[in-house]
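Participant: This is the structure, below, for whatever I ask next.
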Amino acid sequence: MAHILIAEDEEGIARIIERGLRAEGHRTTVVADGLAALEAATVGDIDLLILDVGLPKMDGFTVLRMLRTMEEPVPVIMCTARDSVEDTVHGLDWGAEDYIAKPFRVEELVARVRLRLRQHADMQGGAGGQVDDGVLSAGGVVLDPGARTVTVDDTPVELSTREFELAKALMSHSGQTLSREQLLDRVWGYEVTGTSNVVDVYIRYLRAKLGAERIVTVRGIGYRFVT
């Protein structure tokens with residue numbers, strides 16, 4: 001099973017999370033501040049990090065940003081009492097794989113850990129190792145999943161990880177309407193209860209970079225990428 005790092009300064013919450021993960025057979029390490037979390041995530045054999053935002057010494061967003069700047073691939077689930085869309089987008093933009101707001105049921109967190117570990121293993125080749133290298137082209141936009149590049153009318157465009165995955169999901173079904181729930185499932189891998197407008201936020205980001213006319217809103221249903 002996996003080695004999970006829990007970065008949580010509230011001892012009671014940390015112990016509850018630890019018990020839930022150990023019941024699943026995982027090995028756990030608990031740290032109570034951001035500096036310790038950064039060190040443990042970079043020098044240890046950590047398979048996944050549960051990272052609280054409000055840590056002393058260094059907050060969780062800073063820890064996440066430094067991990068991604070150092071190109072540390074460890075999957076991160078952000079855990080915080082703050083549940084605004086802006087905080088969610090901020091964490092996901094910096095490369096967090098998931099985001100859960102307190103209070104939460106430990107069963108839900110354990111399920112998300114299970115999902116993120118499986119997805120990370122798939123990306124590393126643990127489930128066949130197939131790389132999607134099929135180039136997508138629609139409406140003057142060319143997206144290359146293998147090279148992770150995007151061009152708009154032959155001009156390179158920089159997309160964040162989530163923007164890229166959202167564009168890929170839309171372009172893979174260009175001409176079809178995808179609901180917000182479908183996009184959440186394809187891009188974030190779970191249903192974000194109460195914060196589904198994170199999709200709308202990222203749609204705005206994509207429209208600004210790819211062209212507003214390329215992504216059509218289908219009122220009451222979702223979004224469609226034009227062909």
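Participant: Near the amide H of Thr28, under 5 Å away, which other amide H atoms are found, from residues 5 or more places off or on another chain, if H is placed in the peptide plane?
Facilitator: Under 5 Å from the amide H of Thr28: Ile4.
Participant: Roughly how many debye, to the nearest 20, is the charge dipole of the chain about its Cα centre, given +1 on each Lys and Arg Cβ, -1 on each Asp and Glu Cβ, and no other charges? Before the final figure, lay out the partial values.
Facilitator: Working: 25 positive and 36 negative charges, 113 e Å.
With only Lys, Arg, Asp and Glu charged at Cβ, the dipole is about 540 debye.
Participant: Please list 3J(HN,Hα) in residue order for the stretch 15-22, calculated via the Karplus relation 6.51 cos²θ - 1.76 cosθ + 1.60 where θ = phi - 60°; whole Hz, with x for glycine and proline.
Facilitator: Running phi through 6.51 cos²θ - 1.76 cosθ + 1.60 with θ = phi - 60° gives 5, 5, 4, 4, 4, x, 6, 5 Hz.
Participant: For the stretch 132-181, give the percent of accessible area contributed by carbon and sulfur heavy atoms, probe 1.4 Å, rounded to a whole number.
Facilitator: Working: 1070 of 2430 Å².
It is 44 percent, rounded to a whole number.
Participant: Whose amide H sits under 5 Å from the amide H of Met58, counting only residues 5 or more places off or on another chain, with H placed in the peptide plane?
Facilitator: When sequence neighbours closer than 5 places are left aside, the close amide H contacts are Gly34, Leu35.
Participant: Shifting gears a bit: With a point put 7 Å past each Cα toward its Cβ, work out how far Thr42 is from Ser137 in nm, to one decimal.
Facilitator: Label-label distance for Thr42 and Ser137, simple model: 4.3 nm.
Participant: Just to verify a number: FRET efficiency for Lys102 and Asp154, C-beta to C-beta distance, R0 = 45 Å, to 0.05? Spell out each step's value before the answer.
Facilitator: Numbers: r = 47 Å, r/R0 = 1.04.
Step by step, r from the Cβ atoms, then E = 0.45.
Participant: What shape does the chain have by the C-alpha gyration tensor, where a ≥ b ≥ c are the square roots of the eigenvalues, rounded means a/c under 1.5, and otherwise prolate means a/b greater than b/c and oblate the rest?
Facilitator: Values: a/c = 2.01, a/b = 1.79, b/c = 1.12.
Note, shape of the chain comes out prolate.
Participant: Rounded to the nearest 10 degrees, what's the angle between the helix 34-43 long axis and the longest principal axis of the chain, both from Cα atoms, 0 to 90?
Facilitator: It is inclined by approximately 80 degrees.
Participant: Can you give me the accessible area per residue for the chain, using a 1.4 Å probe, in Å²?
Facilitator: 49
The values are calculated or read from the model by the stated rules, or taken from the named source; none is laboratory data. Here the structure is a predicted model, which is why all the values come from computation and not from measurement. Please note: Cβ atoms are built from the backbone with ideal geometry, for glycine as well, and neighbour counts cover all protein chains shown. All accessible areas refer to the heavy atoms of the entire protein, side chains included, with ligands and DNA or RNA removed. Shrake-Rupley method; radii C 1.70, N 1.55, O 1.52, S 1.80 Å.
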